[in-house]
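Structure first, commentary second.
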Amino acid sequence: MPSEYFPFGWNLSVEPSHEVIVNEAEKRRSEWREKRLQGHMNYVSQWEGDFGFDHYAAGFDKGLTVALEFFSKLKFPSKLGFIRQFASECAIAYVSQHGGSQWQWEYVDGFREANDEFSDF
């Protein structure tokens, strides 16, 4: 995570109490991703068309990674803000490498839902 995104309070070490939370969240990553992906698939399947569920899963993984890093590296734990904007920037980078710009919205949704899942944790 580039430090220019977080010029304030960036801590290079992880506080022990933060580490416990991050480790527990990492243990649940697959469970959370599958739960949210299944919900997403059930929701969008009511419309015809092709979908990029792999983009959603990639967005979820990136979103959770960013949320955990943001949470653990600040001196005072916090949640990620401006999620849509940040997710859109990450989605543009992902799509430029992997293609599928028509499914960029799925990447953004996955990213956002990962942050929601961590916030609920």
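Only the coordinates and a few stated rules stand behind these numbers; no lab work does. Computed from a prediction, not measured in an experiment: that's the story for all the values here. Neighbour counts run over all protein chains shown; Cβ positions are idealised from the backbone, glycine included.
Extending 7 Å from the Cα toward the beta-carbon at both residue 54 and residue 26 defines two label points whose distance is 2.6 nm.
Under the combined filter of DSSP loop state and at most 16 neighbouring Cβ atoms within 10 Å, the stretch 33-92 retains these trypsin sites (Lys or Arg not before Pro): 75, 79.
Sequence-ordered 3J(HN,Hα) estimates for the stretch 100-108 from the Karplus curve with 6.51, -1.76 and 1.60 and θ = phi - 60° stand at x, 4, 5, 10, 4, 4, 5, 4, 4 Hz, glycine and proline given as x.
Within the stretch 33-121, the GluC sites (Glu not before Pro) that combine a DSSP coil assignment with at most 14 other C-beta atoms in a 10 angstrom radius are 48. Full extension of the chain between residue 47 and residue 92 gives 13.7 nm of extra length, using 0.36 nm per residue less the Cα-Cα distance. Annotation: amide H of residue 74 within the under-5 Å range of 11, sequence separation 5 or more or interchain, hydrogens built in the peptide plane.
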